[in-house]
Structure formats: structure tokens, C-alpha cells
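Worksheet: one structure, shown below.
Each value in this text was obtained by applying a stated rule to the coordinates, not by laboratory testing. Computed from a predicted structure; not experimentally measured. So basically every Cβ, Gly included, is an ideal-geometry build from the backbone, and we count neighbours across all protein chains shown.
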């Protein structure tokens with residue numbers, strides 16, 4: 001057995017959203033692989049749920065391109081005249097594919113041409129797992145009358161550029177696949193590449209197949225609310241915990257005929273089904289993570305993967321504080337701002353800070369050399385590496401950065417405008433133009449701020465979350481998250497508010513790994529659901545009465561059923 005076959009066998013067992021995919025599309029001289037030829041290929045590489053590379057080339061088909069094909073694709077005989085033949089390009093294509101999962105929209109069409117061209121060129125057909133986005137779309141989007149690439153991109157609000165071109169269609173297909181990932185994981189329990197391959201090849205829309213009466217009875221009472229669900233064995237032990245935006249819809253997928261292997265195993269072992277309703281998906285997420293740790297269910301095998309968020313950290317380690325971007329939030333004594341939903345926003349904010357404020361930008365290694373650098377010469381840094389008597393000035397500058405990151409931007413704009421005016425008066429027009437660009441960048445970022453106008457580790461806020469039938473309330477006090485009416489804890493939300501307004505915040509100093517995980521889950525969800533939250537800064541209130549004690553403390557009717565956690 002060759003190495004590539006071994007790699008491909010290993011590939012099917014890895015998490016599907018962390019696998020590598022090669023999404024490809026052929027443009028051809030006609031629709032029949034038996035008599036027609038390929039004239040263009042576009043390939044898009046996906047890794048860890050992101051597009052990371054592309055490949056495109058024309059092929060010389062050794063014949064004239066029909067007029068209607070040119071009209072549809074824009075590819076002319078002149079375009080392909082000096083292009084390589086398929087056999088000349090095969091090694092490059094095969095190398096780009098590597099051991100990745102092959103993906104195409106209407107897979108059979110593209111594979112038929114790939115198989116034909118490989119046969120004629122006397123090349124080995126790639127033995128990779130393969131996925132068809134048309135087949136997936138039929139299962140995931142049964143409401144759509146057409147699963148054409150054009151209709152899918154329109155329905156999913158994906159920009160489809162260069163229609164009927166290899167790379168244009170491959171890029172659109174790649175974006176469709178990435179859009180599908182969350183639904184595949186959340187609603188259909190897909191975890192591995194093997195699950196995904198099995199899922200696409202199973203009949204869609206199959207009826208429920210409840211083979212155990214108790215499971216059928218349990219399922220009939222499951223509502224459409226957000227919540228968490230439990231499968232239990234005959235002894236009542238929890239064997240699997242999951243969460244859902246809609247419990248009814250999510251649980252129904254366990255009883256379809258196209259379920260992946262792991263899901264079938266859960267149903268085979270389960271004797272009963274239970275659930276708890278929550279007001280919002282966030283509370284379901286937190287509950288799921290904490291209940292998995294509490295019960296250690298034997299079938300919760302894969303660690304949950306939460307979205308990557310970006311933070312700005314003010315590093316405090318005894319030297320002059322440094323501002324830097326990071327994807328890792330910790331309780332380590334540093335100040336963290338954010339989260340920000342993408343790398344570009346974070347990078348832009350760091351760039352604005354560097355060009356607006358006079359903090360150091362050097363690495364710790366460079367800083368410890370105690371040598372003046374170019375940034376000090378152009379007055380872009382206070383040069384704490386050589387000036388030991390500027391700590392108060394540096395602290396003032398640091399406070400201005402804090403104000404900026406907390407959303408107070410006017411002073412930053414004024415400072416930059418004064419800089420630009422000064423440079424213009426000194427006829428340094430190039431430098432003035434650079435400052436103008438920074439101002440424009442700053443103004444563009446004003447609506448892309450983080451969810452909090454305080455450092456995360458120091459924030460004292462009440463977060464109101466719009467729920468399914470009632471609202472949820474989270475209290476964030478100096479890094480610790482408290483949840484109103486949370487069944488896994490007793491009265492901590494009320495106690496936390498009392499202690500805050502009494503000034504006895506020592507209660508919140510001993511932060512644990514559980515606190516850190518709860519905060520990370522909360523931040524990842526909140527940054528994606530900004531429109532569903534309202535934030536009340538506790539510093540704006542002097543007492544519980546002013547905040548609205550009756551409103552906050554009124555105990556709503558329980559939204560959980562009576563089953564024990």
C-alpha cells in the first residue's frame with residue numbers, strides 16, 4: 001500500500017472542520033467526459049475552515065473550443081493555444097491536491113473529466129476522499145427549489161465572481177462548503193471526515209426511526225427552545241451531552257437514516273433522552289461544557305472547538321508596557337481588550353495605536369539592549385529603553401491608549417489632526433499624508449469596536465441577552481461570569497451583585513480554570529451576537545436600587561424541567 005493511501009485512510013478520522021480540502025472546478029468543451037476535453041481548472045485549498053491557497057491554469061484541449069462555450073465562459077482559442085496539455089500539468093495538480101479531501105459542486109461531473117483525462121494521460125487517478133456540495137445542499141437546504149451554485153450563493157449571501165470560470169466557481173463552492181460547516185456540526189452531529197462522506201451518501205429527508213419506545217416517548221416532549229440534551233443508558237448514567245439552538249430540530253437528526261457512525265452508536269446505547277431548556281444558546285453552550293466535565297460522558301469524545309477571537313493585550317511585566325495582538329486570553333495580570341472578530345480589525349487598531357501614541361513597539365529582546373532606535377528619532381516613541389525618568393509620561397500615554405481602546409476616540413483624532421497640521425506647516429507633506437491615512441483608518445474602525453468599553457479582566461458589567469421567550473442575564477465582574485437563575489449554581493448571581501455594590505470584591509480574586517473557560521465561551525458567543533445583547537456598566541450605577549433591583553432580582557418561572565442534572 002502506498003503512502004498516499006495510508007494518509008487518506010488516516011484523514012477520514014480527523015475532525016471534518018480541521019481537515020484540508022481541495023475544492024476544484026473544470027471548464028470543458030462540452031458536458032460529456034467521453035468525448036469532450038478540459039480547458040481550465042481552478043482549485044481552492046481550505047485548511048482549518050479558511051481559504052489558504054489557490055491554483056489556476058488553462059489546458060490545451062487539442063481542438064477548437066465551441067462558440068457557445070466561449071460565449072458562456074469567456075475562454076477563447078487564443079487563451080488555450082499555448083497552454084500545457086493535461087499530462088504536462090498533472091503532477092502540479094496532484095501535488096496541490098496532496099492528501100486533501102476533494103470537493104466539487106456536482107462532483108460526478110468533475111470526477112468524470114478527471115478520470116478520463118488521467119486515463120488518456122496514463123496517470124493514476126487520485127485516491128482521495130471526495131465530497132459533493134450538491135449532495136450536501138440537498139440534505140441541508142431541502143427548502144430550496146434549486147441547488148445550483150448560483151442559487152446557493154444567492155441564498156447564502158456569498159459573492160460569486162467570475163461565474164463559469166474555474167477559479168471563480170471553485171472559490172464560490174469553497175465558501176459554500178465553509179458556510180455549511182457550522183450547520184453540519186451543530187445540527188447533524190458531524191465530527192469527522194468519515195462522518196461527512198457517509199452523510200452525503202445517505203438518503204435525505206428520511207423519516208424518524210425510533211426503535212425504542214422510551215426514546216420515542218421522550219422525543220415527543222422535546223420543545224423547539226434552545227437548551228441542552230442528554231442521552232442516558234439503562235442505569236441512568238449520562239452517555240452523551242449536547243446543546244442546540246432548537247432542541248426539537250437538533251434531536252430529530254439523531255433518528256434519521258443518514259446519521260454518522262457516532263450518532264448511530266449513541267442511539268444504540270441510549271435507553272432514555274432528557275433535556276433542559278435555556279433562554280439563549282449561550283447558556284446552553286456554557287451548561288454543555290460544564291456538564292461534560294461533571295459527567296465525563298463516554299461518547300463525548302472530541303473536544304469542542306470554539307471560534308478564534310482576537311484581543312489586544314497591554315503587556316505588564318515590570319518593563320515599559322507594550323501593546324500587542326493575541327488570540328489567547330489568560331488571567332495573567334495583563335490587560336486585555338476585545339474580543340475582535342477578525343485579524344484585520346485587530347491589526348488596524350494596533351497600527352493606529354503605534355502611529356498615534358508614543359509607546360514602545362520593539363520586542364523585549366530589543367528593548368533590553370537599551371539602545372535608541374529610529375522610532376525615538378522621529379518622536380514616535382518616548383524611548384523608555386534609554387530614559388529612566390519618563391515613567392509618569394509613559395503612564396499618561398498608556399492611559400490615552402486605554403481611553404482609545406475603551407471607545408473614547410475624539411482625543412486621538414484631535415491629536416492626529418494636530419500632527420498632520422504641524423507636518424504640513426513644516427512642508428513634510430509625505431509624512432502628513434501618512435497621518436491623514438491613519439485618521440481615515442481610525443474613523444473606519446469606530447463602528448468595529450469590541451463588545452466592551454473596559455478591559456475584559458477589569459470589566460464590571462451586566463449583560464442582558466435577548467432570549468427565546470425570556471431574557472438571560474450575565475454578570476461579568478473582574479473576569480468572573482455569573483449567570484442569573486443558573487441551575488448549576490445557587491444564588492451566586494444575586495450574591496455577586498450584592499458584594500459589588502457593598503465594595504467587597506475580594507470574592508472575585510481567586511479565579512479558576514472554570515472561570516476562564518466560562519469567560520472564553522461567553523466572549524466567543526457575544527462577539528458573534530452583538531445585536532442580541534445590551535450592556536449595563538455597573539460603574540454608572542451607585543446602588544442596586546438605581547440599577548433596578550426588582551427588575552434584576554425578580555425570579556422568573558423556571559425554564560428548566562424537573563430532571564436532575
In whole percent, what relative contact order does region 27-145 give with Cα contacts below 8 Å and a gap of six or more residues?
20
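I need the shape label for region 3-200. Rule: rounded when a/c is under 1.5, else prolate if a/b > b/c, else oblate, with a, b, c from the alpha carbon gyration tensor. Could you put the intermediate results ahead of the total?
Working: a/c = 2.06, a/b = 1.35, b/c = 1.52.
Verdict is oblate for region 3-200.
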Sort 164, 105 so that the residue with the fewest other Cβ atoms within 10 Å of its own Cβ comes first and the one with the most comes last.
164, 105
What order, most packed first, do the peptides 337-347, 70-80 have when packing is the mean number of other Cβ atoms within 10 Å of each residue?
337-347, 70-80
Treat the chain as a sphere of radius equal to its Kirkwood radius over Cα pairs and apply Stokes-Einstein at 4 °C in a medium of 1.567 mPa s; give the translational diffusion coefficient in µm²/s, rounded to a whole number.
47
Estimated 222 nm signal from helices in the chain, with DSSP H stretches of n ≥ 4 weighted -39500 (n - 2.57), rounded to 500:
-12500 deg cm²/dmol
Fewest-first ordering of 485, 233 by Cβ atoms within 10 Å yields 233, 485
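To the nearest 0.05, how large is the calculated FRET efficiency for residue 371 and residue 88 if R₀ is 51 Å and r is the Cβ-Cβ distance? Walk me through the numbers on the way to the answer.
Numbers: r = 55 Å, r/R0 = 1.08.
E(calc), rounded to 0.05, equals 0.40.
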Counting DSSP beta bridges with both partners in the chain, what percentage is antiparallel, nearest 5?
90
